[in-house]
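Each remark here refers to the structure printed beneath this line.
The values are calculated or read from the model by the stated rules, or taken from the named source; none is laboratory data. Please read all numbers here as calculations on a predicted model, not as lab measurements. Positions of Cβ are backbone-derived with ideal geometry, glycine not excepted, and every protein chain shown enters the neighbour counts. The protein model used for the area step is the full one, side chains on, heavy atoms only, and it has no ligands, DNA or RNA in it. Shrake-Rupley method; radii C 1.70, N 1.55, O 1.52, S 1.80 Å.
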Amino acid sequence: GYIHLKTIPGASDELLHQAGLYADRLSVNIELPTVADLKDLAPEKDRAGLEQNMEEVKTKALEIKEDKKKGMKVPVFVPAGQSTQMIIGATPTPDSEILGTSVKLYKNYKLRRVYYSAFSPIPDSAAQLPSITPPLMREHRLYQADWMLRFYGYGIDDIVNSDNPNLELDIDPKTAWALRNRWFFPVDVNRADKEALLRIPGVGVGSVKKILSMRRHKFLRYADLIKL
């Protein structure tokens, strides 16, 4: 089976290391996108402590990886890596800051995944919380943007910026980029490099690999793309 274990802030190094020997993946949830959000809604939680747990898991995984390279017999430690989760929509934090947090976490702690959960209000909740659920499409758009950052070669400024800090809900972020950058098109699928092909709306990583493979042997036409 597959074991995904969630840790809690302040867990000891010993417990984290032991948990990593049994679990395929460990999660340390940062709860909210920014330090300011935590101070407003969950002041008892310490962002530094949460990230320290992430650092401990990353360090232990790297130590075991290095020992394995040296030919030492080592245990399997969180083979599926670590992840985190944040609630979105409980605060007015824009998507640009949410994605900025995700990029830093991916870079600093080698996370495998950041999960986004749309805030869901409950009766008699704190006054500072919104009373309505944010659109679920926002959660979906954040996942799409996250994928673009990790696998499609986009930077945050390509997706959101100071002029447009939030993702558009009516179109996906890849199409939104294409509409803002019409000069980039058309793209010649027979000559364009991988990075350019990945910018075409509706064309995914798998399709780009197939295009690059097929065009070594033939000149691609519209009918060939339809078959993909």
Among the residues listed as Asp13, Asp40, the single one being open to solvent by 90 Å² or more (accessible area, probe 1.4 Å), out of contact with any His (no Cβ under 7 Å at 6 or more places or on another chain), touching a residue at least 12 places away in the same chain (Cβ under 8 Å) and more than 25 Å from Asp146 (Cα to Cα): Asp40
Number of the condition not met by Pro79 [criteria: (1) open to solvent by less than 60 Å² (accessible area, probe 1.4 Å); (2) without any contact (Cβ under 8 Å) to a residue 60 or more places away in the chain]: (1)
Residues that are open to solvent by less than 90 Å² (accessible area, probe 1.4 Å) and hydroxyl-bearing (Ser, Thr, Tyr), drawn from the range 195-228: Ser207, Ser213
Matching residues, the range 16-33, being touching a residue at least 60 places away in the same chain (Cβ under 8 Å) and touching a Gly at 6+ places or on another chain (Cβ under 9 Å): Arg25, Pro33
Some residue of the range 61-71 being open to solvent by less than 30 Å² (accessible area, probe 1.4 Å), closer than 20 Å to Ile30 by Cα, hydrophobic (A, V, I, L, M, F, W, C) and modelled with pLDDT of 90 or more: no
Near pairs, Cβ below 7 angstrom, 6+ apart or cross-chain, from the range 126-155 (farther than 26 Å from Arg112 by Cα and polar (S, T, N, Q)) to any residue that is open to solvent by less than 30 Å² (accessible area, probe 1.4 Å) and assigned to a loop (DSSP other than H, G, I, E, B): Thr133/Phe119
